[in-house]
1. Evaluate the following for I70: is it assigned to a helix (DSSP H, G or I) and open to solvent by 50 Å² or more (accessible area, probe 1.4 Å)?
2. Could you please find all residues in the stretch 33-81 being closer than 15 Å to Q19 by Cα and in contact with an Asp or Glu (Cβ under 9 Å, 6 or more places away or on another chain)?
3. Take the residues of the stretch 32-42 that are open to solvent by less than 80 Å² (accessible area, probe 1.4 Å) and under 17 Å from P56 (Cα atoms): which is farthest from the chain's Cα centre (by Cα)?
4. Got a sec? Which of Y26, Y60, Y15 is modelled with pLDDT of 95 or more and touching a Pro at 6+ places or on another chain (Cβ under 8 Å)?
Amino acid sequence: MFIPAAALTWGVHEYAHWQMGELLGYEMWITLNQAGPIKGSFDSVRDQILVAAAGPVVTYLQATVALLLIVRWRHALLYPF
């Protein structure tokens, strides 16, 4: 269960970087471990910080939801998340 959990977490984490950039109005590219604007760079440091923070924030939210589900249902298969 750890391998699928790691793959899902990684994908969601990287997608969050990409999605935040798109929501801010940038055309974004994404690779296995990076996301960034297609043309040039971000217009402001604020935008760069928001895109950089999106991945960890979503990962933290995923872990929090998993913990709440573990506490509620005591299901061992949720521990990898």
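The values are calculated or read from the model by the stated rules, or taken from the named source; none is laboratory data. Remember, it's a predicted structure, so these values are computed and weren't measured experimentally. Don't worry about glycine lacking a Cβ; one is built from the backbone with ideal geometry, like all the others, and counts go over all protein chains shown. Surface accessibility is based on the protein's heavy atoms, side chains included, excluding ligands, DNA and RNA. Shrake-Rupley method; radii C 1.70, N 1.55, O 1.52, S 1.80 Å.
1. So I70 fails the test.
2. Selection gives N33, Q34, A35, P37, I38, G55.
3. Filtering first and then ranking leaves G36.
4. Y26
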